[in-house]
Amino acid sequence: MAAGGNDEGALRAHPHAPVPVTLTHQDARAMLKDILVPLSDSSADDAAIRFAVEIGRSQDARVRIIETVDLPPPAIGTADPTPRASFLAAQDACRREASERASRIRARIAEHPGVSVEVHEAGIESPAELAARLAFSADLAIVGGWSGFAKADPAGVALFNALLFDAGRPVVVVPPHWRASDHSCAIVGWKDTPNACRALHSAIPLLQQVQTVLLVEICSHSDEMEGAAGTVTASLIEHLRSWGIAASATRLLARHRRSSEVLLDHARATKATLIVVGGYGHSRLRERTIGGMTMELLQGATIPVLYAH
């Protein structure tokens, strides 16, 4: 379904329509305190930094930008354990390049209080493992994405996996060409699962900044569209209202289309500036493979997406 498509019945409003909510000084406000931005030396790093600075300013949060020195490993199997001069020179070059990149970023964000740039060395651990360890003390991680590219960025995938699955942190993936805009609407891809619930609640500080929130349930068959909305969705809307968030719910009929495609089309039709979804993956021995819908959103979303697992 293209934005504003012609499929009749593909979109049906939930009976719980949004009621405008205005926060007062007595209303509770969820706040982020620490935001981590691990860089992956990709074209989307700049977009991730800009998004993080904007969120940090609105939340009065500390933003830590992490530049990683991925040191080359020493040669294995040599008789002499003493590091060669060429190996030490290669490590020094990596440190120097990371320091120069960090200096350029500091110059760009100098006018923003609460934003710092740190240089960390990944020794025996990978850059992704280092980022996951640092994320334990963060409320939210923000990384640059690779939507629009033919292939996923391996370093970006490793970073996303480590932050979401190993550190258990909510992760916002920012597309390379993201630009700040008015926060008119956010879409929550809802299903009755722990991952979707975790994503919704992790996103509350960001959802409080938009004018309206749409809880979107995607149905595979038309008979699901006719079913009762259920007490869970109604309770969620009421819960969001208690946080000062104007929310409503709708159901979209996927027919034979992928859920990610339906969700992205609806985001474009509503001019949404944020998508919130559960992040899914499959464990295979010691590696984890990103789930189908999650990967499709990573490669197709043109607005930031918050994932939680």
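The values are calculated or read from the model by the stated rules, or taken from the named source; none is laboratory data. No experiment lies behind these values; they were computed from the predicted model shown. Ideal geometry is used to build each Cβ from the backbone, glycine not excepted, and the neighbour counts take in all protein chains shown.
Among the residues examined, A138 qualifies as in a loop (DSSP other than H, G, I, E, B), under 26 Å from L306 (Cα atoms) and either touching a Leu at 6+ places or on another chain (Cβ under 6 Å) or of a type in the set (K, R) (or both). For E111, the stated conditions do not hold, so it cannot be described as free of Cβ contacts under 8 Å to residues at least 40 places away in the same chain and part of a helix (DSSP H, G or I).
Of all the residues in region 114-131, those that are assigned to a helix (DSSP H, G or I) and over 26 Å from R57 (Cβ atoms) number 4. Taking the criterion of being closer than 23 Å to C197 by Cα, among the β-branched types (V, I, T), surrounded by 21 or more Cβ atoms within 10 Å (Cβ to Cβ) and in contact with a helix residue (DSSP H, G or I) (Cβ under 9 Å, 6 or more places away or on another chain), would at least one residue in region 127-145 satisfy it? There is at least one residue in region 127-145 that is closer than 23 Å to C197 by Cα, among the β-branched types (V, I, T), surrounded by 21 or more Cβ atoms within 10 Å (Cβ to Cβ) and in contact with a helix residue (DSSP H, G or I) (Cβ under 9 Å, 6 or more places away or on another chain). Taking the conditions (1) in a loop (DSSP other than H, G, I, E, B); (2) at pLDDT below 95 in turn, A272 satisfies each one other than (2).
Please state which one of S222, S184, S137 is within 30 Å of P72 (Cα to Cα) and small (G, A, S).
Checking each option against the conditions leaves just S137.
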